[in-house]
Amino acid sequence: MEMDLHIHTNRYSGCSNLPPSGLLRKAREAGLGGIVLTEHGIRWSDDNLQELVEASGVEDLLVLAGQEVACYTKRGEFQGEFLLFGYPRSLGSSRSLETILELVHGEGGVVIAAHPFKKIVSSNGGGFYGAGFRVYDYNLDGLEVVHPSYDRESIALAEEAMRKRNLAGIGCSDAHDLRSVGLCRTVFPDPITDMEGLCDAVRARRVTARSLKAV
Ligand SMILES: [Zn+2]
């Protein structure tokens, strides 16, 4: 079963052009068995998610809510962006990674580094718009090893971290528009039916990443 675990809609993510109304049908057309909505700092309520599913008319697609948060140290240093699955409330984007790990693991959820090796060009040289090598320092559950922004070096760095830290390596589109949905995806050897099962599969590292995009 293939899922896209990282999608932003324009309902809650100001940076997104992706209308939730067309999303579910597009996901089915892309051959996905499930999707997770990961707005910035906001988790879709179960009621709103249910409404979205009913209004779409799409039945055979698993639709779940996670969230993506940016983390900062107490001194305001950026620690990266992280996908949170299995946490029931919105967490915003102002907490430290240490706090996020404690909260999410305390609820039985998982914390995954979003595009840790996505490159940015800054005035002081190169860097990553993501956790970068901090993925080696924290008790994370996984990281994106496949992402549309990655070049070959980013993929190699992510795969090396996955192996050395024994992390789950997931693939996600980070879609901000309809045509990107499913571009990169996560393959689950066993069917997933709910968020608990998804978190279990990540914890057991029973996932692989797949990209439909040429690098
Ligand atoms: Zn994102």
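The values are calculated or read from the model by the stated rules, or taken from the named source; none is laboratory data. All of these numbers come straight from a predicted model, not from anything done at the bench. Positions of Cβ are generated from backbone atoms using ideal geometry, with glycine treated the same way; all protein chains shown enter the neighbour counts.
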*Within the range 184-200, how many residues turn out to be surrounded by fewer than 20 Cβ atoms within 10 Å (Cβ to Cβ) and of a type in the set (A, V, I, L, M)?*
1
_Kindly evaluate Leu103 against the criterion of being surrounded by 15 or more Cβ atoms within 10 Å (Cβ to Cβ), modelled with pLDDT of 95 or more and out of contact with any Phe, Trp or Tyr (no Cβ under 8 Å at 6 or more places or on another chain)._
no
*Which listed residue, of Ile100, Ile42, is touching a Cys at 6+ places or on another chain (Cβ under 7 Å) and more than 24 Å from Ala209 (Cα to Cα)*: Ile100
_Tell me yes or no: at least one residue of the range 58-68 is assigned to a helix (DSSP H, G or I), within 16 Å of the ligand (Cβ to nearest atom) and either modelled with pLDDT of 95 or more or on the phi > 0 side of the Ramachandran plot (or both)._
no
*Restricting attention to the range 71-113, which residues are hydrophobic (A, V, I, L, M, F, W, C), touching a Lys or Arg at 6+ places or on another chain (Cβ under 9 Å) and within 15 Å of the ligand (Cβ to nearest atom)?*
Cys71, Leu84, Leu91, Ala113
*Select from the range 76-88 the residues that are at pLDDT 95 or above and assigned to a loop (DSSP other than H, G, I, E, B) and write down the one among them that is farthest from Val135 (Cα to Cα).*
Pro88
_Out of Arg95, Arg75, sole residue that is among the basic types (Lys, Arg), at negative phi and loosely packed, with under 12 Cβ neighbours inside 10 Å_ = Arg75
*Within the range 36-47, is even one residue under 15 Å from Leu178 (Cβ atoms) and within 14 Å of the ligand (Cβ to nearest atom)?*
yes
*Can you tell me which residue in the range 126-143 is surrounded by the most Cβ atoms within 10 Å (Cβ to Cβ), limited to those that are away from the ligand (no atom under 14 Å from the Cβ) and within 14 Å of the chain's Cα centre (by Cα)?*
Gly142
*Please state which one of Leu24, Leu83, Leu52 is touching a strand residue (DSSP E or B) at 6+ places or on another chain (Cβ under 6 Å) and either surrounded by 13 or more Cβ atoms within 10 Å (Cβ to Cβ) or over 25 Å from Val104 (Cα atoms) (or both).*
Leu83
*Among residues belonging to the range 144-176 that are among the polar types (S, T, N, Q) and either outside any helix (DSSP H, G or I) or more than 16 Å from the ligand (Cβ to nearest atom) (or both), point out the one that is farthest from Gly66 (Cα to Cα).*
Asn166
